[in-house]
Each structure stands twice: as C-alpha cells, then as structure tokens.
Amino acid sequence: MTTAEVATMVSSFGITNWRYDHFSETPAPPYVVYFYPSENDVFADDSNYVNRRQLFIELYTKQKDATNEAAIEAQLKAYGLTWYKQTDFLDDEKLYQTVYECEVIING
C-alpha cells in the first residue's frame, strides 16, 4: 500500500471527520484519527528492503458504536489487513475510543 491508499481506505469508512495524526480543533464525534506510531522495516543487502509500518486507526464516539466499527472492519478486510482492537472510555473527554492496530507495508 501507499500512504495515499491508506488515506483512501480511511476515507471509505463513511465517517466525515477524519485526519492524519490530529485535528487542530476537535470535531464533534464520531471522528477518526490515523497515524503510524512506529516502523519495523525488514533489511536486506544493507538497505531497508520492506517498509513495514504500524498503523493505528482511532475511532472516537459518544457511545459504543457497532455500526461504525463494522464499517471500519469491513474496509480493513477489503484491503486485506488484520488488526487488534481495543475500546476504552476516556473519562476526561467523555468519549469512547476504539483503536485498531494494524501493520502495513508502505511501498510508495
């Protein structure tokens, strides 16, 4: 995948408010933030042979939202990605945060 393809995938979730890394002003939920917190490249012949990136997709909602979660999971499956999922309630924000942790090969 390319970083542009990841952005296209995130835009296909059907959630209007989404951004890479952060919003300058927090929108009304639901909204999605995605980012690459770490790299775990594969090396060969003294170079980075495979550009492997950890991808986090965070869904923020006022209540547990099975509909948006299903839409995200359908797109992750359509793009051939596997994921770990965790949901927490953020007391300070009074929002649910559902985090999808994936790994992607970035080739462009």
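Out of all the residues in region 74-85, is one or more under 17 Å from the mean Cα position of the chain (by Cα) and assigned to a strand (DSSP E or B)?
Scanning region 74-85 turns up at least one residue that is under 17 Å from the mean Cα position of the chain (by Cα) and assigned to a strand (DSSP E or B).
Looking at region 18-28, is at least one residue among the charged types (D, E, K, R), loosely packed, with under 15 Cβ neighbours inside 10 Å and farther than 20 Å from T8 by Cβ?
yes
For T26, state whether it is β-branched (V, I, T) and not in a loop (DSSP other than H, G, I, E, B).
Here the answer is no, as T26 does not meet what is asked.
Test N107 against the criterion of being at pLDDT below 95 and part of a loop (DSSP other than H, G, I, E, B), and give yes or no. Walk me through how you get there before you give the answer.
Working: at pLDDT below 95: yes; part of a loop (DSSP other than H, G, I, E, B): yes.
Taking the combined requirement at face value, the residue satisfies it.
Can you confirm whether P37 is in contact with a Ser or Thr (Cβ under 9 Å, 6 or more places away or on another chain) and either exposed (fewer than 15 other Cβ atoms within 10 Å of the Cβ) or modelled with pLDDT under 95 (or both)? Explain how you work it out, then say what you get.
On the way: in contact with a Ser or Thr (Cβ under 9 Å, 6 or more places away or on another chain): no; either exposed (fewer than 15 other Cβ atoms within 10 Å of the Cβ) or modelled with pLDDT under 95 (or both): yes.
Taking the combined requirement at face value, the residue does not satisfy it.
Does any residue of region 9-17 turn out to be on the phi > 0 side of the Ramachandran plot, surrounded by 10 or more Cβ atoms within 10 Å (Cβ to Cβ) and outside any helix (DSSP H, G or I)? Working first, answer last.
To start, the set of residues in region 9-17 that are on the phi > 0 side of the Ramachandran plot comprises 14.
Still in the running and surrounded by 10 or more Cβ atoms within 10 Å (Cβ to Cβ): 14.
When the remaining residues are screened for being outside any helix (DSSP H, G or I), the result is 14.
There is at least one residue in region 9-17 that is on the phi > 0 side of the Ramachandran plot, surrounded by 10 or more Cβ atoms within 10 Å (Cβ to Cβ) and outside any helix (DSSP H, G or I).
The values are calculated or read from the model by the stated rules, or taken from the named source; none is laboratory data. These figures come from a predicted structure and were not determined experimentally. Virtual Cβ from ideal backbone geometry, glycine too; neighbours counted across all protein chains shown.
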